[in-house]
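Participant: I have a structure I would like to understand better, so I am pasting it below and will then ask my questions one at a time.
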Amino acid sequence: MSTDMAMMNIAQMGTPILRLYGWSVPTLSIGKFQNIEEINIDYLKEMNFGLVRRPSGGRAVFHCDELTYAVALPEFMVSRSVIKTYLEISKAIVKGLNEIGLNCEIARERAKERYTKFAACFATTSLHEVISNGKKLVGSAQVRKNGVVLQHGSIPMKCHFVEYANSFRMTRAQREKLITRLEKSTTCVSKCLNVEFEDVKDAIVTAFHTTFDAGFVPFRKKINWEKYVADVKVWD
């Protein structure tokens, strides 16, 4: 998350950055304004899972066995509308995933049951999110600051519904209901197609290149992420 924030400073100079990465340990990321009281910190510590606060809004995401994307774009490259920009980025993701054989499309309306009932991002599909066979596949969040758009999101390779649900402070009945909902409304790459992490990554890079007409190349400059650590840490 610190690196994602540091990317925004570089993008202010007019340089678009696309970052694709995984996680060294399973980690729950919470939205910038999300209440920490919703999170089962004892469980996360017991399991040696991580916890981090995103610079973007939205609800909690469990990161494990996934490809995470982060794109920092100068605002002149995208629409002034948050929703339209979200749509353009979703188009790039759909284009890439479809190229490798995943059956993906963009959700044209919000789910009937709004996500505010749950602390989990993947419990509900929002407008313009990426779905596969009617189920949410990609969860994303966006923030704008100092003329830069940062959007990052989770493309799960495998599903971890139980660990995800256990990460929240709730009753057993509520947890079982959340797991049922996740199983009904959410999917992951491995449930749709037998494909490797690197294949998904390469497809996303190519799709962003063509969608935004930007020559994304390997980034050699050192990113000063250290100064943002305090902004994303939840515990020491």
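The values are calculated or read from the model by the stated rules, or taken from the named source; none is laboratory data. Bear in mind the structure is a predicted one, so any value in this text is a computation, not a measurement. Positions of Cβ are backbone-derived with ideal geometry, glycine not excepted, and every protein chain shown enters the neighbour counts.
Participant: Does VAL130 satisfy being touching a residue at least 12 places away in the same chain (Cβ under 8 Å) and touching an Asp or Glu at 6+ places or on another chain (Cβ under 9 Å)?
Facilitator: yes
For (1) closer than 24 Å to VAL149 by Cα; (2) touching a helix residue (DSSP H, G or I) at 6+ places or on another chain (Cβ under 8 Å); (3) in contact (Cβ under 8 Å) with a residue 24 or more places away in the chain, each residue gets a yes or a no:
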site	(1), (2), (3)
GLN12	yes, no, yes
PRO16	yes, yes, yes
LEU20	yes, yes, yes
VAL25	no, no, yes
GLU37	no, no, yes
ASN40	no, yes, yes
ASN48	no, no, no
LEU51	yes, yes, yes
PRO55	yes, yes, yes
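Participant: Could you go through region 82-100 and let me know if any residue there is in a strand (DSSP E or B) and hydrophobic (A, V, I, L, M, F, W, C).
Facilitator: No, region 82-100 has no match at all.
Participant: Something else now. Among the residues of region 12-35, write down those that are small (Gly, Ala, Ser) and in a loop (DSSP other than H, G, I, E, B).
Facilitator: GLY14, GLY22, SER24, GLY31
Participant: Same structure again: Somewhere in region 13-33, is a residue surrounded by 19 or more Cβ atoms within 10 Å (Cβ to Cβ), among the aliphatic types (A, V, I, L, M) and under 19 Å from LYS233 (Cβ atoms)?
Facilitator: yes
Participant: Among the residues of region 62-74, is there at least one that is at pLDDT 95 or above and not in a strand (DSSP E or B)?
Facilitator: Within region 62-74, one or more residues are at pLDDT 95 or above and not in a strand (DSSP E or B).
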